[in-house]
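In what follows, a single structure is set out as structure tokens and then discussed.
The values are calculated or read from the model by the stated rules, or taken from the named source; none is laboratory data. The structure displayed is predicted, hence computed values, not measured ones. No Cβ is skipped: glycine too gets one built from the backbone with ideal geometry, and neighbour counts run over all protein chains shown.
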Amino acid sequence: MHKEWIGFGYSFAVSFCLLTLQESFNMNLENFLTKKRSRIIKKWHEVVVGLYPSGTQRFFRKEKDQFANPVGHVIDTEIGVLYDEIIKEGDSDKIASCLDNIIRVRAVQDFKPSQAVSFVLQLKNVIREALQGEAPLNGLADELQILENRIDEIALLAFDIYSQCRQKIYEIRVNEVKNHLGKLLEMANLTIEIPELEPDLSEK
């Protein structure tokens, strides 16, 4: 009986090792990053909110109501969707939409361009930290390089979106100043009407 248990234990250990080895061979980068999704997104979320003041960071983490904390809700929602689309080379429109929702807020809050889009590039560091010491990832350097190149391209897209948002904000502010100035001139009775000149159709 004792020998049978020893034999069973040995067979189980061998089967487990073979299964683990098979999983290692079948593991690609996307599968691994999907497996580590929760850990990576949690770390990336910390990076995204890390540029806010400490009090704001605590509020983001504590307040889960989307109406009381709309900015935190946007970050919580969009980061997960963005991550999934990035690792599987997903829908470019969905990626742009996620970036727009996150960066639009940062543009209004007067973040510097580097601060507004840096979270995209920092995803590379978060992923590399998650990959450290993982045996199944041997030989996946090429896939990792392709992913990091994709992240670089998405960072450029993020910068374009930020620039567009800032341009729109500038135009809105200019129009507000013009409207305000126009009202002040009207109140001071300093406006003048410039008559439209009709072309002279008479022959000379």
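Observations on the model:
- Only listed residue being at pLDDT below 90, of a type in the set (D, E, K, R) and surrounded by 12 or more Cβ atoms within 10 Å (Cβ to Cβ), chosen from R166, R173: R166
- Any hit, segment 73-88, residues being crowded, with 17+ Cβ neighbours inside 10 Å, touching a residue at least 60 places away in the same chain (Cβ under 8 Å) and out of contact with any Cys (no Cβ under 9 Å at 6 or more places or on another chain): yes
- Within segment 126-144, being modelled with pLDDT of 90 or more and more than 19 Å from E85 (Cβ to Cβ) holds for R128, E129.
- Given (1) more than 11 Å from the chain's Cα centre (by Cα); (2) modelled with pLDDT of 85 or more, index of the condition A116 fails: (1)
- From the list S38, S15, the lone residue that is modelled with pLDDT of 50 or more and exposed (fewer than 12 other Cβ atoms within 10 Å of the Cβ) is S38.
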